[in-house]
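**Student:** I'd like to ask you about the structure that follows.
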Protein chains: 2
Amino acid sequence: MSTHGKAPTSGRNRADRVDIFDTTLRDGEQSPGISLNTQEKVEIAQQLARLGVDVIEAGFPITSPGDFEAVSEIARNVEGPVICGLARTHKADIDAAWGAIKYSPRPRIHTFISTSDIHITHQLQTTRDDVKGQARAAVAQARSLCDDVEFSPMDATRADIEFTAEVCAIAVDEGATVVNIPDTVGYTTPQEYAGYFERLYELVPVLREVRLSVHCHDDLGLAVANSYAGVLAGARQVECAVNGIGERAGNCSLEEIVMLLRTRGDVHGLDTGVESRELARTSRMVSRFTGYAVQPNKAIVGRNAFAHESGIHQDGVLKERTTYEIMDATEVGLDSNQIVLGKHSGRHALRDALNDLGFRVDGAALNQAFQRFKEIADKKKQVTALDLEAIVSDEFRERAQGYNLAWFDVEASSRRAPHARVAITLPSGEESEGEATGDGPVDAIFVAIQKAANTDCELRQYTVSAVTEGEDALGEVTVMLRAADRLASGQGVSTDILEASARAYVRALSNALEGAAMREAESITAEAASERTPGP
Amino acid sequence: MSTHGKAPTSGRNRADRVDIFDTTLRDGEQSPGISLNTQEKVEIAQQLARLGVDVIEAGFPITSPGDFEAVSEIARNVEGPVICGLARTHKADIDAAWGAIKYSPRPRIHTFISTSDIHITHQLQTTRDDVKGQARAAVAQARSLCDDVEFSPMDATRADIEFTAEVCAIAVDEGATVVNIPDTVGYTTPQEYAGYFERLYELVPVLREVRLSVHCHDDLGLAVANSYAGVLAGARQVECAVNGIGERAGNCSLEEIVMLLRTRGDVHGLDTGVESRELARTSRMVSRFTGYAVQPNKAIVGRNAFAHESGIHQDGVLKERTTYEIMDATEVGLDSNQIVLGKHSGRHALRDALNDLGFRVDGAALNQAFQRFKEIADKKKQVTALDLEAIVSDEFRERAQGYNLAWFDVEASSRRAPHARVAITLPSGEESEGEATGDGPVDAIFVAIQKAANTDCELRQYTVSAVTEGEDALGEVTVMLRAADRLASGQGVSTDILEASARAYVRALSNALEGAAMREAESITAEAASERTPGP
């Protein structure tokens, strides 16, 4: 009934193998307020490689120098998966995508254009004939650069299927190796989507010779089911994102489609190459770097996905696990929290533990991580794998350029207004102090930081969660703010919620200003600036 | 393509109408750490009635005096929907269910027993023949008390379908009015579940004369799709929960299935009676009372469900809304945040605003809410509908019995250990002080509270979120702790995060001790105590 977490053997028949195309770094990163830097994107891509995904859509290189740089770095440094860059059908987009991905041993260009009349008329403001011409030229250009080219007719599920089929036939004719059918607005249903694939195969039999792909959004809660319906109808690539992040309600959740395919192999005989034991860790990393929490009742990776509350269910699981469990928590890596260090653990023990967790940390970064580790080990009895992940992630959030927290003092009481004094180091290296009262101690700190930085910003979101259970747990604060007309987020980790808040705020401020500086550079590429980060 | 939020006319053909059976208060409440009191359950049930659900499964009366009381209160006070109580096939269960729901003008008893061999063998440790006998006796008994009786063959999707069909036929024969086919462990797929219904109809044609129902769990991310497949195959009742909460990965999400049925009426011609503009508020209320956050990319009610980040998408929506939106945010009530009060608003304005929000608050509760409102209006420029919801919810959290926060003083700094002094009032009415240092100011407060209350507890979860955007937003803290061998949660709302934390902690402590006291009472009903809150 389940292969219990084992990846398929390499001998698996290609026809039974579903490729996992991860778009966490492209469509996922299009969620409001996510501002990953290049280092974080490379780190996530390395984790995706450990997870065993087949394709990483690393970004959309034309849209900004930052995106271009991140895609290039991933292409240079991440081994295993195909590295894919997104491009509209414009010549400059495809050149930029190739320029960024060409460093990978397995590059792919993914180009797209809408085939729905609603998009053609209102957004592209062009004609069906022009769309056909653009698709032909783009795939031909991409193929002249790269052997592996994916084509997407955007908004296909709301488009005339005969016209979409014509455009797909053109793409295959020009050498596309993968054809993806996006449900861009999350509108289709499993029954309708399956029918769409069946009709496409009838209209364009040559589609059987390329890889068909699904890309589904979750606006009506059907992204996983629609992806699965597409696979049952013949698609052999699923575009998905970790924790299901992405535009609006997000994309098909990677962990859900992977575990669905694995757990119900009995009915369809298909599987992916994913190492499912890496799912929980990948989910935590993406949640932490993006500041997007996973709700407790999220399938596969939510805190309660394997928890049994009711007496009857607990009773049943104790008598026989399978009475209420169709998967084992160890299959998705929820048992990985076994590494424990203490205040007497040394630098080698820390590096070994980090290596076990998949973090390659050396030199200055190791020294920095070790110093934070010692500070925290002084306060906490045990430092677990989850704590180590949080500490390392926190260190990755340090910016060489930007603001840093120096120190703070706060007095708070239910009987008078709270008061804060804060010092930060400015990008110039000098220290600046601010002082304020506020509605609460966090507000007082935030206002004091604004005064110290001599800047105005608007707080948009503020969340705190505990990294592990227990009284001495590390607190992880995520701040999202608007500064310099840009949304940016920052995280901070500490056993002290006020310190974590101050760190997170200072980092969000740095991210916002770094983003603003980058955008200034971008305004040179005028076309890209007008349509920042699009996609199917 | 969409009926844009309008509920169907009362003239809608019954065959085209899908009943919404809400189990937030039964299966939803079985999520770890949720501890709703009777007042909160009644408030949620009243909101569900405003939302226009057809059936409210209010609880499982045999399992505890608290559950019995809550179901009775809902049956007495909530008008409109059918009020349903859950019962195993045991005689005492059915008597207890009837005892609690009989005050409703539209009572329903829901009884269940497993039909899968894995449950029959390992958990019930009985025989198929015995299961048939129990089902027959239970439905007959329930029908002797109540005209409306629902029967569920638990774990049906993993059971032998011929045997399940036999048991369903018995239930119909004894007068069951609704037959529900639970996917208890979230194992089935849309294709398989649809086939299950088709075969059931073949085996038991008389099922066409009763209402068939779906009850799906989300372990593989398919709860909504499976429910929809069941409806397309003939079911006309969907069991679901607000925000998709429930055992493990939870139940089918109410808001997703409702908006799927409404938005894609073009393909199936079905609809529900739900007033979709109440969805957002219902989601917020359930999230707040349960302490279960909704992730930003959750379909329909997540913060980003209607947000457009990419340039191409924003550009498209500005040119023509439908290029990237299949629903309008106003359809689900996301435009409701228009009520704004200020520090000069009076008691009448507050009561009117609360009435508009659906809260009936009078007398002492209004005075208390008004006092909190004035305190907050002194600190915040504007008090919005979202703030009012939070304040009223916070007031509902006050316990007459239990601990209350009197005052606190905290000093925190990055340069020395934080220190807290806290005073609480004990259940006896006397004030008690505690003093402590900690790893952070929140930890110091929590330890000081434990000292003041002279009790030990273990912190399990700690989260903070902002009620609205902006610097002066209210912070809402949720604490989950284990005390007296029981998980309990508490919420606190304030512009001061330390105050909100202290309030939340003190309330969680009160809830844990109240629960412990109640459980002592429960140990009288020995059988119920051994299997606390089960269900399909």
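The values are calculated or read from the model by the stated rules, or taken from the named source; none is laboratory data. Treat the numbers as computed from the prediction; the structure is a model and nothing was measured. FYI the Cβ positions are ideal-geometry reconstructions off the backbone, even for glycines, and counts take in every protein chain you see. Only protein heavy atoms, including side chains, enter the accessible area calculation; ligands, DNA and RNA are left aside. Shrake-Rupley method; radii C 1.70, N 1.55, O 1.52, S 1.80 Å.
**Student:** If you check A:469, A:527, which single one turns out to be more than 7 Å from chain B (Cβ to nearest Cβ) and at pLDDT below 80?
**Tutor:** Criteria check complete, one pass: A:527.
**Student:** Yes or no: segment A:407-415 includes at least one residue that is within 22 Å of residue A:369 (Cα to Cα) and at pLDDT 80 or above.
**Tutor:** yes
**Student:** Here are some residues: B:431, B:411, B:458. Which one is of a type in the set (Asp, Glu) and either within 24 Å of the chain's Cα centre (by Cα) or away from every other protein chain (no Cβ under 11 Å) (or both)?
**Tutor:** B:431
**Student:** Among the numbered criteria (1) among the basic types (Lys, Arg); (2) surrounded by 24 or more Cβ atoms within 10 Å (Cβ to Cβ); (3) closer than 26 Å to residue A:219 by Cβ, which one does residue A:108 miss?
**Tutor:** Condition (3) is where residue A:108 drops out.
**Student:** Moving to a separate point now. Which condition number does residue B:453 fail, the rest of (1) among the small types (Gly, Ala, Ser); (2) touching a residue at least 40 places away in the same chain (Cβ under 8 Å); (3) touching a Lys or Arg at 6+ places or on another chain (Cβ under 6 Å) being met?
**Tutor:** Status for residue B:453: all satisfied but (3).
**Student:** Quick one: which residue in A:143, A:136, A:128 is at pLDDT 95 or above, on the phi < 0 side of the Ramachandran plot and touching a Gly at 6+ places or on another chain (Cβ under 6 Å)?
**Tutor:** One residue alone meets the criteria, A:143.
**Student:** Which of the following residues is open to solvent by less than 30 Å² (accessible area, probe 1.4 Å) and among the hydroxyl-bearing types (Ser, Thr, Tyr): B:428, B:432?
**Tutor:** It is B:432.
**Student:** Can you tell me which residues in segment B:252-307 are free of Cβ contacts under 8 Å to residues at least 60 places away in the same chain and farther than 30 Å from residue A:29 by Cα?
**Tutor:** Listed by number, the residues that qualify are B:267, B:268.
**Student:** If you take the residues in segment B:250-274 that are facing chain A (nearest Cβ under 7 Å) and modelled with pLDDT of 95 or more, which one is farthest from the chain's Cα centre (by Cα)?
**Tutor:** Out of the qualifying residues, it is B:264.
**Student:** Turning to a different aspect of this structure: Do any strands (runs of 3 or more DSSP E) lying entirely in segment B:36-147 carry at least 3 residues that are closer than 16 Å to residue B:177 by Cβ, and which ones are they?
**Tutor:** Qualifying strands (runs of 3 or more DSSP E): B:82-88, B:107-114.
**Student:** Oh, and also: Any chance segment B:121-144 includes a residue that's crowded, with 24+ Cβ neighbours inside 10 Å and of a type in the set (D, E, K, R)?
**Tutor:** no
**Student:** Moving to a separate point now. Looking only at segment B:405-431, count how many residues are of a type in the set (Gly, Ala, Ser) and assigned to a loop (DSSP other than H, G, I, E, B).
**Tutor:** Result for segment B:405-431: 4.
**Student:** May I pose another question? Can you tell me which of (1) touching a residue at least 40 places away in the same chain (Cβ under 8 Å); (2) under 30 Å from residue B:31 (Cβ atoms) is the one residue B:329 doesn't meet?
**Tutor:** (1)
Let's see how each residue does on (1) more than 30 Å from residue B:67 (Cβ to Cβ); (2) away from chain B (no Cβ under 14 Å); (3) at pLDDT 85 or above:
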position: A:291; (1), (2), (3): yes, no, no
position: A:297; (1), (2), (3): no, no, yes
position: A:302; (1), (2), (3): no, no, yes
position: A:306; (1), (2), (3): no, no, no
position: A:314; (1), (2), (3): no, no, no
position: A:331; (1), (2), (3): yes, no, yes
position: A:343; (1), (2), (3): yes, no, no
position: A:380; (1), (2), (3): yes, no, no
position: A:391; (1), (2), (3): yes, yes, no
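**Student:** Looking at segment B:125-145, which of its residues are under 19 Å from residue B:63 (Cβ atoms) and touching a strand residue (DSSP E or B) at 6+ places or on another chain (Cβ under 6 Å)?
**Tutor:** Result: B:134, B:138, B:142.
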